[in-house]
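One structure below.
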Ligand SMILES: [Zn+2]
């Protein structure tokens, strides 16, 4: 780290759990973020400000006026631009050291597997079950830690699926991939702006902890947030030995 970086990251370096060594791990790390919307916004902002070395951010959408109520990485002048280009511009304006790769695509499962390969952590900031299950399968195949989040109305949830560990449950152990999984979309149901910020920020915190190797990850635990009552609950869950996605990997 040069003098500018030592200053920029000084409040991290002061933390004994991070220090110079932990900050250097972040500078050398590569995160794959899928989604540049409500959850992806705070994830992108915190990973960039915290000094991740490389961030690959993927989203097939363009910025729309209805996004700006909660998708804080985007600006009014970005309406009509690809979300990933808008996110990259904001991230680079905060921290030009970060190498941001913008992938303006709807990702196939094979593409997810390919993109997950070089990543140290995968962060799911998508908004539908089909994509979440495809990301999970890619992480199981590539044995990558997955930080998953979801938010709608006033409710949100976060969990970590550390597929580097054979005993860790995967997303499908918790939410089996059945046909009756109905997507509850923001477009129809509404979403309280700060709940996406709360959940995305929790995801960013878990991703940074995994990369630094600090604390206890939210592995085998689902954190549920109700922003109306402002109550947080944690539910423990275990690997499903009959899971069609991850059984046989241990
Ligand atoms: Zn599983």
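Nothing in this text is a laboratory measurement; each read-out follows from the coordinates by a stated rule. Keep in mind the model is a prediction, meaning the values are calculated, not measured. Cβ placement follows ideal geometry from the backbone for every residue including glycine, while neighbour counts extend to all protein chains displayed.
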- Message: If you consider only alpha-carbon coordinates, what radius of gyration and Dmax does the stretch 84-171 have, in Å?
- Response: 14.1, 41
- Note on the structure: Expressed in angstrom and rounded, the centroid-to-centroid distance over alpha carbons for the stretch 62-86 and the stretch 92-136 is 18 Å
- Quick note on 196, 101, ordering by fewest other C-beta atoms within 10 Å, gives 101, 196
- Per-residue Cβ contact counts at 10 Å, fewest first, order 9, 46 as 46, 9
- Task: Within 10 Å, count the other beta carbons around each residue, average over each peptide in 116-122, 13-19, 165-171, and list them highest first.
- Result: 116-122, 165-171, 13-19
- Task: With the Cα gyration tensor of the stretch 119-250 in hand, convert its eigenvalues to equivalent ellipsoid semi-axes via √(5λ) and list them largest first in whole Å.
- Result: 23, 18, 13
- Message: Students often check this: by mean Cβ neighbours within 10 Å, which of 212-220, 36-44, 227-235, 240-248 ranks highest, and how do the rest follow?
- Response: 36-44, 212-220, 240-248, 227-235
- Query: For the chain, what is the mean residue ellipticity at 222 nm derived from helices alone (per DSSP H run of n ≥ 4: -39500 (n - 2.57); sum divided by total residues; nearest 500 deg cm²/dmol)?
  - Reply: -10500 deg cm²/dmol
- Which of rounded, prolate, oblate describes the stretch 43-200, given a ≥ b ≥ c as roots of the alpha-carbon gyration tensor eigenvalues and a/c under 1.5 marking rounded, otherwise prolate only if a/b is larger than b/c? oblate
- Query: How high is the relative contact order of the stretch 1-126, in percent, counting Cα pairs under 8 Å that sit 6 or more residues apart?
  - Reply: 30 percent
- Can you bin the stretch 1-81 into rounded, prolate or oblate? Criterion: square roots of the alpha carbon gyration tensor eigenvalues sorted a ≥ b ≥ c, rounded for a/c under 1.5, prolate for a/b above b/c, oblate for the rest. prolate
- Task: Run the numbers on the stretch 91-146 and let me know its relative contact order in percent, using alpha-carbon pairs under 8 Å that are six or more apart.
- Result: 35 percent
- Could you work out the relative contact order of the chain, using alpha carbon pairs under 8 angstrom and six or more residues apart, expressed as a whole percent? 19 percent
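Run the numbers for residue 4 and residue 167: contour at 0.36 nm per residue of separation, minus the present Cα-Cα distance, in nm.
54.5 nm
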- Using packing as a proxy for protection, rank 140-146, 189-195 so that the peptide with the highest average count of other Cβ atoms within 10 Å comes first. 140-146, 189-195
